[in-house]
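The values are calculated or read from the model by the stated rules, or taken from the named source; none is laboratory data. Please read all numbers here as calculations on a predicted model, not as lab measurements. Cβ: placed from backbone, ideal geometry, glycine included. Neighbour counts: every protein chain shown.
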Amino acid sequence: MSKTIFITGSSTGLGRATALLFAQKGWNAIATMRNPAADTELQGHGVTVMPLDVTDPVQIGEAARAALALGPVDVLFNNAGYGLAGAFEGATDDQLQDQLATNLLGVMRVTQAFLPAMRERRKGTIVTTTSIGGLVTFPFNSVYHATKWGLEGWSESLAFELAPFGVKVKTVAPGLIHTDFAGRSIVRTLHPAYMDAIGKVMATFSDPGRRSGGSTAEQIAEEVWAAVNDEGDGVTHVAGDDARALYARRLADGIDAFRKAVRTQFLGG
């Protein structure tokens, strides 16, 4: 019997690449997105497409019930998310709530919807896309970092309580992925007191040399596959050569020295 993966945030990028990869490997892939009518590719590759806005608790319950009605869900892949970037002081309360509702509460609520079935089967895997931004920080991404660091901590703690029920918890923490994330999935906050510094940071992030070290969505989808098939006790899979190098540097240099290097690189000292 084929296994099933349920994926959030599948309209483009990593979610879409993961759905296609698992379908190619013989899995039943259920790909969810806010507007499934816009999909022109996944259904043609044997992927089941369902509507889901992870900020809508009612729709989360409906999607989980619809997926489980088709059969057991072996893997939940929490992938929906976006970035809030810019000056924290300039963030509106709506922006703060939207970021937390999507990146953090959405993951928790979707997971809760599938946990009873996995616990009762004593089998399942929960994989969540975090980010290298859940392990290191950069200037003017504080709220995004709060959600991704939160997901790493939540996942690590959750792994303890679900292990006795045979349910694994994993995260995939990629670095730069060559998608349209920067254009489609970034919301910016502005404040006049910080514009010069924000300009320096954005220029560094946009440097072609830095961006050349990223991964394709398909490469990170392979890391999701590896996480799903990892039988070890580890939780975090740092994904992509750039992310692995960056995290290794943080561990080797120590927190304070690493932060000083980031400040120098992005803000000039």
Would region 242-250 turn up any residue that is in contact with a helix residue (DSSP H, G or I) (Cβ under 6 Å, 6 or more places away or on another chain), more than 22 Å from Ser206 (Cβ to Cβ) and either modelled with pLDDT under 95 or of a type outside the set (Lys, Arg) (or both)?
no
Six or more apart or on different chains, Cβ atoms under 8 Å: show the pairs whose first residue is in region 14-33 and in contact (Cβ under 8 Å) with a residue 12 or more places away in the chain and whose second is of a type in the set (Lys, Arg) and crowded, with 24+ Cβ neighbours inside 10 Å.
Ala31/Arg16
Residue match in region 130-146 (condition: within 15 Å of the chain's Cα centre (by Cα) and over 24 Å from Ala257 (Cβ atoms))
yes
Hey, Val107 touching a strand residue (DSSP E or B) at 6+ places or on another chain (Cβ under 6 Å) and either among the acidic types (Asp, Glu) or in a helix (DSSP H, G or I) (or both) or not
yes
How many residues does region 63-101 contain that are under 17 Å from Met33 (Cβ atoms), of a type outside the set (A, V, I, L, M) and surrounded by 22 or more Cβ atoms within 10 Å (Cβ to Cβ)?
4
Complete set of residues in region 234-256 that are more than 25 Å from the chain's Cα centre (by Cα) and surrounded by 12 or more Cβ atoms within 10 Å (Cβ to Cβ):
Asp253
Among the helices (runs of 4 or more DSSP H) confined wholly to region 123-207, which include 1 or more residues that are of a type in the set (Val, Ile, Thr) and at pLDDT below 95?
195-205
Counting only residues that are at positive phi and in contact (Cβ under 8 Å) with a residue 24 or more places away in the chain, region 228-265 contains a total of 1
